[in-house]
Every structure is written in C-alpha cells, then in structure tokens.
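Worksheet: the structure to be examined is printed underneath.
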C-alpha cells in the first residue's frame with residue numbers, strides 16, 4: 001500500500017513516492033513532442049508572425065506547468081513522482097498534515113546502513 005493514514009494530531013497521511021526518470025516527467029516529454037510538432041508542421045506552413053504566436057502560446061503553457069509544479073505539492077507529485085508500494089522502492093514521501101497544522105510537503109527519504117557489530121559492556125571499557 002502506498003498511502004498510510006496516520007490520523008494523528010499533526011500528520012494525517014503519508015504517501016510513498018519515487019522520482020521519475022529525468023525524461024519521463026510530464027513537464028518534459030509532452031512539451032518536447034509539442035515543440036517538435038510545432039517546428040515540423042506550423043513553421044513551414046504559416047508566416048513567421050503566426051508561427052511566433054503559436055510558439056508564444058506553447059511557451060506560456062509550458063511555463064504555467066512549471067509554475068504549478070512549484071506552487072502545488074499535489075501537482076508536483078503528479079508530474080514528477082510515481083507512487084510505489086514499498087519503502088525500499090521509495091526515494092521520497094509526501095506528508096499530508098492534519099487540518100490547521102501546516103501545508104503538504106515532499107520530503108526526501110534517506111536510508112542509513114545498519115551497524116554490523118554488536119555493542120557489549122566489554123566495548124564500553
């Protein structure tokens with residue numbers, strides 16, 4: 001299960017997330033396809049001014065997607081992360097706080113290696 005309902009005073013829910021590969025987030029490849037389509041179909045068929053108007057619209061929508069991914073944690077998780085079922089697969093988690101406790105956050109997950117030696121009273125002396 002990728003979503004854990006904590007139900008505490010401060011933390012309400014935790015979602016396990018994994019960052020998508022740099023080419024697969026939804027703010028990269030759809031716009032790469034749209035820019036290539038604009039260059040291959042629009043630019044050769046219309047005059048320069050009309051092509052630049054289309055490019056301005058495309059650029060404005062790309063900028064809006066980038067800004068929304070900075071403003072909204074849910075949109076950022078939708079665009080840049082995928083949900084996973086295991087904490088081993090996760091490299092971040094989205095913390096949803098309880099009502100009136102703060103805003104949502106994406107927190108990176110760091111694993112620590114376990115100590116292999118055992119502690120005994122002889123080691124302390």
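The values are calculated or read from the model by the stated rules, or taken from the named source; none is laboratory data. Given the structure is predicted, the values throughout are model-derived calculations rather than measurements. Here the Cβ positions follow ideal geometry from the backbone for every residue, glycine too, while neighbour counts run over all protein chains shown.
Out of contact with any helix residue (DSSP H, G or I) (no Cβ under 6 Å at 6 or more places or on another chain), surrounded by fewer than 16 Cβ atoms within 10 Å (Cβ to Cβ), modelled with pLDDT of 85 or more and under 26 Å from residue 6 (Cα atoms), is that true of residue 74?
Yes; evaluated as a whole, the condition is true for this residue.
Looking at (1) modelled with pLDDT under 90; (2) within 30 Å of residue 10 (Cβ to Cβ), can you tell me which one residue 115 breaks?
Just one mismatch for residue 115, condition (2).
Residue by residue, here is whether (1) over 27 Å from residue 95 (Cα atoms); (2) modelled with pLDDT under 90; (3) in a strand (DSSP E or B) holds:
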position: 14; (1), (2), (3): no, yes, yes
position: 18; (1), (2), (3): no, yes, yes
position: 33; (1), (2), (3): yes, no, no
position: 36; (1), (2), (3): yes, no, no
position: 40; (1), (2), (3): yes, no, no
position: 43; (1), (2), (3): yes, yes, no
position: 53; (1), (2), (3): yes, no, no
position: 58; (1), (2), (3): yes, no, no
position: 64; (1), (2), (3): no, no, no
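For the range 1-12, name all the residues that are assigned to a strand (DSSP E or B) and either surrounded by fewer than 15 Cβ atoms within 10 Å (Cβ to Cβ) or under 18 Å from the mean Cα position of the chain (by Cα) (or both).
Hits for the range 1-12 are 3, 4, 5.
So residue 85 clears everything in (1) at pLDDT below 85; (2) assigned to a loop (DSSP other than H, G, I, E, B) except one condition, right? Which one?
Looking at each condition in turn, residue 85 falls short on (1).
What are the pairs with Cβ atoms under 8 angstrom where one residue, in the range 36-65, is more than 20 Å from residue 26 (Cα to Cα) and the other, located anywhere, is not in a helix (DSSP H, G or I)? Sequence gap at least six, or different chains.
Pairs found: 54/46.
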